[in-house]
1. Which condition does Phe102 not pass, out of (1) away from ligand 1 (no atom under 16 Å from the Cβ); (2) surrounded by fewer than 18 Cβ atoms within 10 Å (Cβ to Cβ); (3) not assigned by TED's automatic domain parsing to the domain that holds Gly134, if it passes all the others?
2. Looking for something away from ligand 3 (no atom under 16 Å from the Cβ), in a helix (DSSP H, G or I), surrounded by 14 or more Cβ atoms within 10 Å (Cβ to Cβ) and among the acidic types (Asp, Glu) - is there at least one such residue anywhere in the stretch 111-125?
3. Between residues in the stretch 58-86 that are under 23 Å from Lys44 (Cα atoms) and residues that are within 11 Å of ligand 2 (Cβ to nearest atom) and polar (S, T, N, Q), which pairs lie under 7 Å by C-beta distance while being six or more apart or on different chains?
4. Quick one: Leu64 ticks every box in (1) at pLDDT 65 or above; (2) within 26 Å of Leu91 (Cα to Cα); (3) surrounded by fewer than 19 Cβ atoms within 10 Å (Cβ to Cβ) except a single one, so which number is it?
5. Can you pull out every residue in the stretch 67-99 that is surrounded by 16 or more Cβ atoms within 10 Å (Cβ to Cβ) and either within 11 Å of ligand 2 (Cβ to nearest atom) or polar (S, T, N, Q) (or both)?
6. Is it true that Glu146 is out of contact with any Lys or Arg (no Cβ under 7 Å at 6 or more places or on another chain) and in contact (Cβ under 8 Å) with a residue 60 or more places away in the chain?
7. Can you work out which of the residues in the stretch 90-101 that are more than 16 Å from ligand 3 (Cβ to nearest atom) and either free of Cβ contacts under 8 Å to residues at least 60 places away in the same chain or in contact with a strand residue (DSSP E or B) (Cβ under 9 Å, 6 or more places away or on another chain) (or both) is nearest to Gly66 (Cα to Cα)?
8. Just checking, does the stretch 131-144 include any residue being of a type outside the set (D, E, K, R) and part of a loop (DSSP other than H, G, I, E, B)?
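The values are calculated or read from the model by the stated rules, or taken from the named source; none is laboratory data. A quick note: this is a predicted structure, and the numbers were derived from the prediction, not measured. Cβ: placed from backbone, ideal geometry, glycine included. Neighbour counts: every protein chain shown.
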Amino acid sequence: MTGETKRRRKKRKEEKPRCGLCGKSGKLTKTECCGQWICDDEDKYVLFSYARNSCHRNHRRYTLCGYHYAEEHPGHWKDCPICRNDFETELYVYYGTNEYNFEKLENPPAYLPTRCSKCGEIISLGYDGYTRSGDEYWCEACAQKEMESHYLRTKH
Ligand SMILES: [Zn+2]
Ligand SMILES: [Zn+2]
Ligand SMILES: [Zn+2]
Ligand SMILES: [Zn+2]
């Protein structure tokens, strides 16, 4: 049995698997959520650095596929009502269509852009830094200002 499968594999041109996200063929592993080849690079990630240099971590943390699997939802993430409900539409679309996905959401729902509650600048929830305070979103600049004035007010 094993001899036969081995022989058959040898005949084929050796094709190196590549990471489905960045195309590198280095140290690879398969994703637990969807069984795709991906860089085995979580060790590159520096704790609390928020860097996005790890394919494996990016797929696990910033996609619906990874989330859906981690939360043990039934069915496929693309038509999962729990995933849809767990995120505001903008983030749902981001997690379903960003570059950390092997497969993207085919018909992402439309959404209105999120604006900073203080200055009105558009904040891209997937790509920009922001602070959330209750129902409000603050862009980084406004959050910074707010923090500084708070600091001054509470300083004795
Ligand atoms: Zn990669
Ligand atoms: Zn996946
Ligand atoms: Zn789900
Ligand atoms: Zn602002």
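1. With respect to (1) away from ligand 1 (no atom under 16 Å from the Cβ); (2) surrounded by fewer than 18 Cβ atoms within 10 Å (Cβ to Cβ); (3) not assigned by TED's automatic domain parsing to the domain that holds Gly134, Phe102 is out only on (1).
2. no
3. Pairs that qualify, where the first residue is under 23 Å from Lys44 (Cα atoms) and the partner is within 11 Å of ligand 2 (Cβ to nearest atom) and polar (S, T, N, Q), are His59/Thr31; Thr63/Asn101; Cys65/Asn101.
4. (3)
5. Of everything in the stretch 67-99, those that are surrounded by 16 or more Cβ atoms within 10 Å (Cβ to Cβ) and either within 11 Å of ligand 2 (Cβ to nearest atom) or polar (S, T, N, Q) (or both) turn out to be Tyr67, His68, Tyr69, Trp77, Thr97, Asn98.
6. No.
7. Asn98
8. Scanning the stretch 131-144 turns up at least one residue that is of a type outside the set (D, E, K, R) and part of a loop (DSSP other than H, G, I, E, B).
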